[in-house]
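I have placed the structure first, in the form of structure tokens, so that the comments after it can refer back to it.
The values are calculated or read from the model by the stated rules, or taken from the named source; none is laboratory data. If you're wondering where the values come from, they're calculated on a predicted model, not measured in any experiment. Using ideal geometry, Cβ is built from the backbone for each residue, glycine included, and neighbour counts are taken over all protein chains shown. Side chains are part of the model used for accessible areas, which takes the heavy atoms of the whole protein and leaves out ligands, DNA and RNA. Shrake-Rupley method; radii C 1.70, N 1.55, O 1.52, S 1.80 Å.
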Amino acid sequence: TFRCNYVEECYAGSFGFFDYQDTEPAAIVLDNNISYNCAKFLYYQCDTQSYTFTITNNTVVRTADSVYADNKKVMDIYNSAPPKGALVLEKNIFYYPGHTARLNKVSSIFRGNAYFGDIILPTDSSAITEDPLLILPPDRNATKGLSYDGGVSGTSSFCDTGWFTCQEGSPCLTDDGTVYG
């Protein structure tokens with residue numbers, strides 16, 4: 001389980017999983033993570049065993065000033081063999097204002113995600129395509145010296161900034177006050 005991570009400007013992707021010699025199937029959970037201005041959100045290569053990825057409540061943002069703004073991929077799914085297992089993506093925010101992105105949908109199930117920007121949408125019968133009204137850092141330099149909770153020596157908590165949260169009126173706020181992403 002990978003929960004409450006913050007990754008910024010990573011070329012290979014916020015999360016990468018590689019299976020070359022595994023002998024057991026596995027279940028991988030990505031929950032409540034923030035990917036900010038990365039080239040990809042998820043890259044995986046699983047050839048030997050069947051993997052199930054449950055990807056929920058993550059916020060994936062790439063702004064126009066990102067060094068990877070021209071990268072058209074949100075997720076990059078690579079398999080040299082036919083896909084084994086499944087990726088289930090539910091209640092995530094994919095926020096790509098100002099440029100085109102595509103979600104690779106090989107062996108993936110999309111349910112109730114929010115998509116904003118010029119995203120080539122996957123099949124998602126309960127998709128939200130309105131602006132999620134995210135509060136973002138004012139520029140790329142604003143996140144320097146921050147970590148998820150300020151626990152890294154010499155850093156402050158970006159949680160205290162209010163960034164990557166939804167403003168009132170966001171379609172990602174549910175009736176009970178919980179938030180996607």
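In Å², what does the accessible area per residue of the chain work out to with a 1.4 Å probe?
Counting only protein heavy atoms, the per-residue value for the chain is 48 Å².
If you count only protein heavy atoms and use a 1.4 Å probe, how large is the accessible surface of LEU136, to the nearest 10 Å²?
Only protein atoms counted, so the area is about 40 Å².
Please work out how much length the chain gains when fully extended from GLU130 to SER147, using 0.36 nm per residue of separation minus the C-alpha to C-alpha distance, in nm with one decimal.
Full-extension gain reported as 3.2 nm.
With every protein chain left in place and a probe of 1.4 Å, what is the accessible surface of ARG111, to the nearest 10 Å²?
110 Å²
Roughly how far apart, in whole Å, are the Cα centres of the range 138-155 and the range 118-135?
Taking the Cα centre of the range 118-135 as reference, the centre of the range 138-155 is 28 Å away.
Once you have the Cα-Cα distance between THR161 and PHE17, take 0.36 nm times their residue separation minus that, and quote the gain in nm to one decimal.
48.8 nm
Long-range amide H contacts for PHE17: which residues qualify at under 5 Å (H placed 1.01 Å from N, peptide plane, sequence gap of 5 or more or a different chain)?
TYR43, TYR44, GLN45
Using the per-residue mean of other Cβ atoms lying within 10 Å as a proxy for protection, in what order, highest first, do the peptides 121-127, 26-32 fall?
Highest to lowest by the protection proxy: 26-32, 121-127.
Student exercise: in the chain, how many lysine pairs 8 or more apart or on different chains have Cα atoms under 20 Å apart?
Lysine pairs, 8 or more places apart or on different chains, close enough: 9.
Sort largest first and round to whole Å: the equivalent ellipsoid semi-axes of the chain, each the square root of five times a Cα gyration tensor eigenvalue.
26, 19, 16
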